[in-house]
Amino acid sequence: MRNPLTLAREAWRMVRVLQDPNRLQDIIDLARVLAPPMAMRRVVERLMQSPTAARALVERPRVGMLPLATLRTLPEGTLGRAFADHLTQNGLDPNALPRREAHTDEDYVRAHLLESHDIWHVLTGFRTDVAGELGVQAFSLAQLGSPFALGILTGGLANTLLYAFSERDARMQALTRGWVLGRLARPVFGTPWRELWEVPLVDVRQRFGLDLPTVDALLPALAPPVKMDPSRRAA
């Protein structure tokens with residue numbers, strides 16, 4: 001039995017995230033609720049079916065502390081420079097994220113996904129607004145079958161229904177785009193990103209089969225919602 005006080009805190013975190021999907025610390029704290037040990041074990045088992053992911057679970061490459069000053073000096077167009085620009089433009093500091101230990105495969109999956117999250121933003125081209133975060137989580141769900149990703153998507157859709165219905169088109173577009181990208185791409189989990197900072201971003205995307213222009217061309221362009229004729233509404 002879990003401590004009732006702990007359950008109450010977790011429920012309150014869920015309510016706060018439902019109201020405000022930008023509460024990063026609450027989302028991080030909910031990871032063990034949305035993806036409990038048994039669910040993470042199943043994620044590991046699925047990852048073991050991919051040779052690259054299985055190797056990563058053995059070698060356990062980490063992003064670690066990022067030399068942001070060095071990344072900013074890399075040539076434009078490289079993964080490292082694009083990542084540094086992404087962090088600067090969005091006021092992000094990945095070095096401020098909690099350091100996760102990785103004593104087990106499940107721990108490593110959690111740690112690696114946390115460290116790689118913003119790299120996935122750069123790879124997929126998603127912004128850091130709510131729509132973009134839903135897109136990255138849809139990508140993660142398609143790639144890993146992550147219950148955490150599904151939980152965040154569920155919360156994001158509930159937030160859309162209750163608090164941001166006017167943003168439904170942009171959010172659903174991003175969710176669909178992320179799912180398609182994730183299904184078409186080769187596995188990105190466990191990539192030793194530190195070895196790829198100086199590689200052109202276009203080449204990194206090609207390496208993983210991330211053909212953003214083709215996927216974007218498949219999705220309909222967002223159009224303003226059709227306004228109903230008042231006379232017809234009255235009828």
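Only the coordinates and a few stated rules stand behind these numbers; no lab work does. What you see is a predicted model, and the numbers here were worked out from it, not measured in a lab. Note: ideal-geometry Cβ built from the backbone for every residue, glycine included; neighbour counts use all protein chains shown.
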Report task. Based on the mean of other Cβ atoms within 10 Å per residue, sort peptides 187-195, 36-44, 104-112 so the most packed one is first. Result -> 104-112, 187-195, 36-44
Query - Taking the C-alpha atoms of segment 89-231, convex hull volume expressed per residue in Å³ - result: 145
Report summary line: Between THR78 and residues 5 or more places away or on another chain, the pairs with built amide H atoms under 5 Å apart involve LEU201
Query raised in the report: Nearest 0.05, what FRET efficiency do GLU101 and LEU212 give at R0 = 45 Å with Cβ-Cβ as r?
Result: 0.85
Report summary line: Length gained, ARG183-TYR163, 0.36 nm per residue minus C-alpha separation, equals 4.2 nm
Query raised in the report: To the nearest whole percent, what portion of all C-alpha pairs in segment 33-155 is separated by more than 22 angstrom?
Result: 39
**Report entry** Size of charge dipole - segment 120-214 - debye, nearest 20, with Cβ of Lys, Arg +1 and Asp, Glu -1, no other charges
**Finding:** 180
**Report entry** Charge dipole magnitude, Cβ of K and R +1, D and E -1 - segment 117-174, Cα centre, debye nearest 20
**Finding:** 100
